[in-house]
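The block underneath contains the structure these notes are about, expressed in structure tokens.
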Amino acid sequence: DQQVKQNSPSLSVQEGRISILNCDYTNSMFDYFLWYKKYPAEGPTFLISISSIKDKNEDGRFTVFLNKSAKHLSLHIVPSQPGDSAVYFCAASDAGGTSYGKLTFGQGTILTVHP
Amino acid sequence: DVKVTQSSRYLVKRTGEKVFLECVQDMDHENMFWYRQDPGLGLRLIYFSYDVKMKEKGDIPEGYSVSREKKERFSLILESASTNQTSMYLCASSFLDPGSYEQYFGPGTRLTVT
């Protein structure tokens, strides 16, 4: 049972425009969410995170929005750059439990930014 | 700068062979994790460890075992490799403290079982 879902396998965007990547979750115990970026032949790298006590977190061109009632989060990249082309994974944790920092990952979305 | 290293970037093994994948981190992290990444399935947790000699099953532990004899080192063992274990294997580490959920990943090992 996939508790974290990224329903769009791929997204194609023009350079300079906004990229919006979406993620849905089903486990209401999840209270911390992260986005990772992965280039081919490299390990994922942390991008941005958000706690369930917030609904928005910004870091430069990257903003994550959390809608707890809908169990939905999204990552906005503005403006998109060709170097942003990568696979993006969302991940979730039930930090309050005995999860020992375990993360549950979505399937990933391949973002392609065209010059 | 956090560093997680994995013993091999590419590995080719035959069906039935015993395979060892090693991971070393230099940040004194308590937690260490092994994932596999497959297209369309994302990252799936195989095993994790929150202390030396401690291990917990993840979502897909069947066919795998692990060993953690030292804090900085976490090994994944395929007792008898099978073709359905062909995958990208990723190791990660993190602090145990609540509030430190960020995991740091190694570069991955692309394992092919023929």
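The strands (runs of 3 or more DSSP E) falling completely within region A:29-115 that include 3 or more residues that are within 13 Å of chain B (Cβ to nearest Cβ) and not charged (D, E, K, R) map to A:32-38, A:45-51, A:86-93. Scanning region A:10-28 for residues that are in a loop (DSSP other than H, G, I, E, B) and among the hydrophobic types (A, V, I, L, M, F, W, C) yields one hit, A:Ile18.
Residues of region A:89-101 include none that is out of contact with any Ser or Thr (no Cβ under 6 Å at 6 or more places or on another chain) and over 17 Å from B:Glu102 (Cα atoms). Can you spot a residue in region A:42-49 that is surrounded by fewer than 17 Cβ atoms within 10 Å (Cβ to Cβ) and aliphatic (A, V, I, L, M)? No, region A:42-49 has no match at all.
Every condition in (1) within 14 Å of the chain's Cα centre (by Cα); (2) closer than 28 Å to A:Lys5 by Cβ; (3) facing chain A (nearest Cβ under 9 Å) is met by B:Trp34 except one, and the failing one is (3). Residues of region B:26-41 that are under 21 Å from B:Leu78 (Cβ atoms) and either touching a Leu at 6+ places or on another chain (Cβ under 8 Å) or surrounded by 22 or more Cβ atoms within 10 Å (Cβ to Cβ) (or both): B:Met32, B:Phe33, B:Trp34, B:Tyr35, B:Arg36, B:Gln37. Checked against (1) touching a strand residue (DSSP E or B) at 6+ places or on another chain (Cβ under 8 Å); (2) free of Cβ contacts under 8 Å to residues at least 40 places away in the same chain; (3) open to solvent by 70 Å² or more (accessible area, probe 1.4 Å); (4) farther than 30 Å from A:Pro9 by Cβ, B:Ser49 meets all criteria but (3).
Among the residues of region A:17-41, those identified as of a type in the set (S, T, N, Q), more than 11 Å from the chain's Cα centre (by Cα) and surrounded by fewer than 18 Cβ atoms within 10 Å (Cβ to Cβ) are A:Thr26, A:Asn27, A:Ser28.
Considering region B:53-106, the residues that are aliphatic (A, V, I, L, M), in contact with a strand residue (DSSP E or B) (Cβ under 6 Å, 6 or more places away or on another chain) and in a loop (DSSP other than H, G, I, E, B) include one that is nearest to A:Ala92 (Cα to Cα), namely B:Leu96. Looking across region B:73-98, the residues that are at the interface with chain A (Cβ under 8 Å from one of its Cβ atoms) and open to solvent by 50 Å² or more (accessible area, probe 1.4 Å) come down to B:Phe95, B:Leu96, B:Pro98. Starting from residues that are at pLDDT below 95 and closer than 22 Å to A:Trp35 by Cβ, keep the ones in region B:4-31 and report whichever is farthest from the other protein chains (Cβ to nearest Cβ). Looking at residues that are at pLDDT below 95 and closer than 22 Å to A:Trp35 by Cβ, I get B:Met27. Taking the criterion of being within 14 Å of the chain's Cα centre (by Cα) and open to solvent by 50 Å² or more (accessible area, probe 1.4 Å), the only residue of region A:76-115 that qualifies is A:Ile110.
Is it fair to say B:Asp26 is touching a Lys or Arg at 6+ places or on another chain (Cβ under 6 Å), within 21 Å of A:Ser93 (Cα to Cα) and of a type in the set (D, E, K, R)? Taking the combined requirement at face value, the residue does not satisfy it.
The values are calculated or read from the model by the stated rules, or taken from the named source; none is laboratory data. What you see is a predicted model, and the numbers here were worked out from it, not measured in a lab. Virtual Cβ from ideal backbone geometry, glycine too; neighbours counted across all protein chains shown. Quick note on the areas: whole protein, heavy atoms, side chains included, nothing else; ligands and nucleic acids left out. Shrake-Rupley method; radii C 1.70, N 1.55, O 1.52, S 1.80 Å.
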